[in-house]
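See structure below.
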Amino acid sequence: MEKLIAPSILASDFTRLGNEIEMLNQSDADYIHCDVMDGVFVPNISFGIPVIDQINKIANKPLDVHLMIVDPDRYIKAFKKAGADILTVHYEACTHLHRTVQSIKDEGMRASVCLNPHTPIHLLEDIIQELDMVLLMSVNPGFGGQKFIEHTYHKVSQLRQLIEKRNTNTLIEVDGGVNYETGKKLFEAGANVLVAGSFVFGSENPTETIRNLKNL
Ligand code: DX5
Ligand code: ZN
């Protein structure tokens, strides 16, 4: 199974964002993970549509946009226009999730649903066949640099079983507290895509860290 790495620019140096994107362009990164926070769904505010629009002008990798916002339906078209390739909405933020997923796909983006650490895998049983990706939070969303929640390995295995049973091509992405140790175990448990923020951008040589994560 191919191992994909999605560095999260939340941990990058925003005063030199252009250079950070250039670094990712030259690296083994597969996606560029963009964390959008609204200060309502999560207790933090990050960046939004205009910033993603600018990143899209120079990025040569797919933009993996993680919406930590309430009522994401209001902004699906805007994120498409800004350049999102994969759009992730939270299960906990969507009342009519099936419709939201359909709208994302109708716009030509890949559709992904994120589960908070407390949200069980079985709630995806009647939507998994529609999903290009599932994002499992391995920390409570809102901040980079938090401690990895160990129960996540179990959720990855459960989700892998569901995907096999239903015979879908859904990717499993994991977000929060990823480093060499947790990353290796996540790939072993059946994850396809690892998001890594502080571990990549806090390292001495981010390019090398990305390459090492990919070769775990
Ligand atoms: C957390 C974000 C993550 C975050 C991960 O709310 O969704 O993408 O940037 O950061 P690290 O890798 O530092 O845990
Ligand atoms: Zn994220």
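The values are calculated or read from the model by the stated rules, or taken from the named source; none is laboratory data. Given the structure is predicted, the values throughout are model-derived calculations rather than measurements. Counting neighbours? That spans all protein chains shown, and the Cβs are built from the backbone with ideal geometry, glycine included. Heavy atoms of the whole protein, side chains included, go into the accessibility calculation; ligands, DNA and RNA do not. Shrake-Rupley method; radii C 1.70, N 1.55, O 1.52, S 1.80 Å.
A compact table of results
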| quantity | calculated |
| --- | --- |
| The chain, dipole about Cα centre (Lys/Arg Cβ +1, Asp/Glu Cβ -1), debye to the nearest 20 | 180 |
| Net +/- balance of residues flanking LEU131 in space, Cβ distance below 13 Å, scoring K and R +1, D and E -1 | -2 |
| Given LYS80/LYS214; LYS61/LYS165; LYS3/LYS155; LYS80/LYS147; LYS105/LYS214, the pairs whose alpha carbons are separated by over 25 Å | LYS80/LYS214; LYS61/LYS165; LYS80/LYS147; LYS105/LYS214 |
| Pairwise Cα inverse-distance average, inverted: Kirkwood Rh of the range 111-169 (Å) | 12.1 |
| HIS90 long-range amide H proximity, modeled H, under 5 Å | ILE69, CYS114 |
| Calculated from backbone phi, Karplus (6.51, -1.76, 1.60) coupling profile of the range 140-152 in Hz, x at Gly/Pro | 6, x, x, 9, x, x, 8, 7, 5, 8, 4, 4, 4 |
| Whole-number Å³ per residue for the convex hull built on Cα positions in the chain | 108 |
| Sulfur and carbon atoms: percent of accessible area, the range 69-216 [1.4 Å] | 46 |
| Karplus-derived 3J(HN,Hα), 6.51/-1.76/1.60, for each residue of the range 126-133, Hz, glycine and proline x | 9, 10, 3, 5, 9, 9, 7, 8 |
| Charge dipole of the range 29-115 about the Cα centre (unit charges at C-beta), most positive-ward option of PRO43, VAL89, ALA78 | ALA78 |
| Accessible area of the chain divided out per residue, in Å², using a probe of 1.4 angstrom | 45 |
| Euclidean distance of C-alpha centroids, the range 57-131 and the range 165-181, integer Å | 15 |
| Cβ-derived FRET efficiency at R0 30 Å, LEU123 paired with ASN179, nearest 0.05 | 0.60 |
| Distribution of pairwise C-alpha distances over the range 1-73, 5 Å bins, in % | 3, 15, 27, 25, 15, 10, 4, 0 |
| For the range 166-181, Karplus couplings with θ = phi - 60° (6.51, -1.76, 1.60), whole Hz, Gly/Pro x | 8, 6, 9, 9, 4, 7, 9, 10, 10, 9, x, x, 7, 9, 4, 6 |
| Dipole magnitude of the range 1-110 about its Cα centre (Cβ charges: Lys, Arg +1; Asp, Glu -1), debye to nearest 20 | 300 |
| Amide H contacts of ASP132 (H built 1.01 Å from N, under 5 Å, at least 5 apart or other chain) | ALA111 |
